[in-house]
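Have a look at the structure below, then the notes.
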Amino acid sequence: MSVFAQSNYQKFKKLSSPKKWWVILHPFKAKKALLISKDVNKVSDSIRKSNLLDGDHSGGHVDAFRHAYWMARLKEEIGASAARSLGKAHEKENYLMYKKRKLEEGIVPDEISSEMDLFNNDVGLSLTTKGNKTPRKGLIYRVINAVLEGKMKVIKKDKKGNFLTCKGDIINPKSLKGKWKNTKCLVSSNAKKN
């Protein structure tokens, strides 16, 4: 077995079962998806450090951007169906992480975060077409504009970063621990923070 094959096998072994199934069903698209995913994370980290969005990578603008940009890039390279199914596999992985109390972006995943991600994935899929390569900067700004125009969803928070209910009440962080379903609220990505 070559070093390259061993390296890929080690990466495959570390995947969650939903992502392993995706790779098995899409073997020729998996490498492209991996490279795109790595690039999307780099771009998202850069956006987080800029003042283009709110800097919130866990339920905020940067989180919304990351999912939409990921899907837009994937759709261009591997098509909408494969991209959407990879997004769903990622959310199934998040549920498994929740059950094992593992962190994603510093917090244990929950149902509202998954709903947000799936919504923003669909927005991202609407921003490109397969085979039509949008210049990277142009696509980045297209996604940023969609966030700022309120076309995406974020989790409602105050200016201090506290999660809020739909009525605007602060949610006690202890009440969120270990709960898939909770009282967090999805709002338009252009909603003002209190």
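The values are calculated or read from the model by the stated rules, or taken from the named source; none is laboratory data. The shown structure was predicted, so the numbers you read here are calculated from the model rather than taken from an experiment. Note that each Cβ is placed from the backbone with ideal geometry, even for glycine, and that neighbours are counted across all protein chains shown. We work out accessible area using only protein heavy atoms, side chains counted, and drop any ligands, DNA or RNA first. Shrake-Rupley method; radii C 1.70, N 1.55, O 1.52, S 1.80 Å.
Among the residues of segment 114-157, how many are small (Gly, Ala, Ser) and assigned to a helix (DSSP H, G or I)? Counting residues in segment 114-157 that are small (Gly, Ala, Ser) and assigned to a helix (DSSP H, G or I) gives 4. Among residues of segment 65-89 that are within 9 Å of Asn121 (Cβ to Cβ), those with a beta-carbon under 7 Å from a residue that is modelled with pLDDT of 95 or more and among the basic types (Lys, Arg) at least six positions away or on a different chain give the pairs Ala83/Lys75. Of the candidates Lys160, Lys184, the single residue that is of a type in the set (D, E, K, R), open to solvent by less than 50 Å² (accessible area, probe 1.4 Å) and assigned to a loop (DSSP other than H, G, I, E, B) is Lys184. Summed over segment 138-157, residues that are open to solvent by 40 Å² or more (accessible area, probe 1.4 Å) and either under 16 Å from Glu115 (Cβ atoms) or basic (Lys, Arg) (or both) total 4. Residues in segment 23-46: is at least one touching a residue at least 60 places away in the same chain (Cβ under 8 Å) and buried (at least 21 other Cβ atoms within 10 Å of the Cβ)? No: zero hits. Scanning segment 136-183 for residues that are polar (S, T, N, Q) and over 30 Å from Lys99 (Cα atoms) gives a single hit, Asn145.
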